[in-house]
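This report refers to the structure that appears directly beneath it.
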Amino acid sequence: MSFVGSVTIAHAATLSVTPESATVTQGSTFSVTVRTDTKNASVNVAEATITYPTDTLELVSAAGGSTFPLQTPGAPKKSLGQVFFSGGVPSGYSGTNGVVGKITFRAKAPGSAIISIASGRVLLNDGNA
């Protein structure tokens, strides 16, 4: 399996999926983490839409990240292969390894699967939207 996805946000923060790649066997489960690097800026909201191929991967679970504890629940769209995360932290966060969310998959079939960030945003902790 291979994972791709890094989105650069306007104020230079990035969202990424880790690990970047893995080899898994059919039927096994594995997890990926959606992370943000704020590039030394203080942020208070992070959102990401993650896509995955439904022919090779089955969504087992999706949970918001510990860095952004105020989560807006977004029901996974399993038939479309999408997971949405939106979380906030009132006091702001600045760091290189903020956890936005975690997704666990089951490998359904052999082959390559690309897990990517279809869209995302990270908002500065400056009182503006």
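Annotations
- Pick from region 35-57, criterion open to solvent by less than 50 Å² (accessible area, probe 1.4 Å), of a type outside the set (A, V, I, L, M, F, W, C) and in a strand (DSSP E or B), ranking: farthest from SER116 (Cα to Cα): ASN44
- Each residue in region 79-100 was checked for being within 15 Å of the chain's Cα centre (by Cα) and at negative phi, and 12 of them qualify.
- Test: residue in region 93-101 that is open to solvent by less than 80 Å² (accessible area, probe 1.4 Å) and either basic (Lys, Arg) or assigned to a loop (DSSP other than H, G, I, E, B) (or both): yes
- Exclusive hit being in contact with a Leu (Cβ under 7 Å, 6 or more places away or on another chain) and at pLDDT below 90, set VAL7, VAL43, VAL34: VAL7
- The listed residue being out of contact with any Gly (no Cβ under 6 Å at 6 or more places or on another chain), surrounded by 12 or more Cβ atoms within 10 Å (Cβ to Cβ), not charged (D, E, K, R) and not in a strand (DSSP E or B), out of SER16, SER66: SER66
- Within region 110-121, considering residues that are open to solvent by 30 Å² or more (accessible area, probe 1.4 Å) and assigned to a loop (DSSP other than H, G, I, E, B), the one nearest to LYS39 (Cα to Cα): SER112
- Close pairs (7 angstrom Cβ cut-off, 6 or more residues apart or separate chains): open to solvent by 100 Å² or more (accessible area, probe 1.4 Å) in region 69-82, at pLDDT below 90 and not in a loop (DSSP other than H, G, I, E, B) anywhere: none
- So GLY74, is it part of a loop (DSSP other than H, G, I, E, B) and within 16 Å of ILE117 (Cβ to Cβ): yes
- Unique match (being more than 14 Å from ARG121 (Cα to Cα), open to solvent by less than 20 Å² (accessible area, probe 1.4 Å) and either part of a strand (DSSP E or B) or in contact (Cβ under 8 Å) with a residue 60 or more places away in the chain (or both)) among VAL60, VAL32: VAL32
The values are calculated or read from the model by the stated rules, or taken from the named source; none is laboratory data. Note that the coordinates shown come from a computational prediction; the quantities given were computed from them, not determined experimentally. Counting neighbours? That spans all protein chains shown, and the Cβs are built from the backbone with ideal geometry, glycine included. Quick note on the areas: whole protein, heavy atoms, side chains included, nothing else; ligands and nucleic acids left out. Shrake-Rupley method; radii C 1.70, N 1.55, O 1.52, S 1.80 Å.
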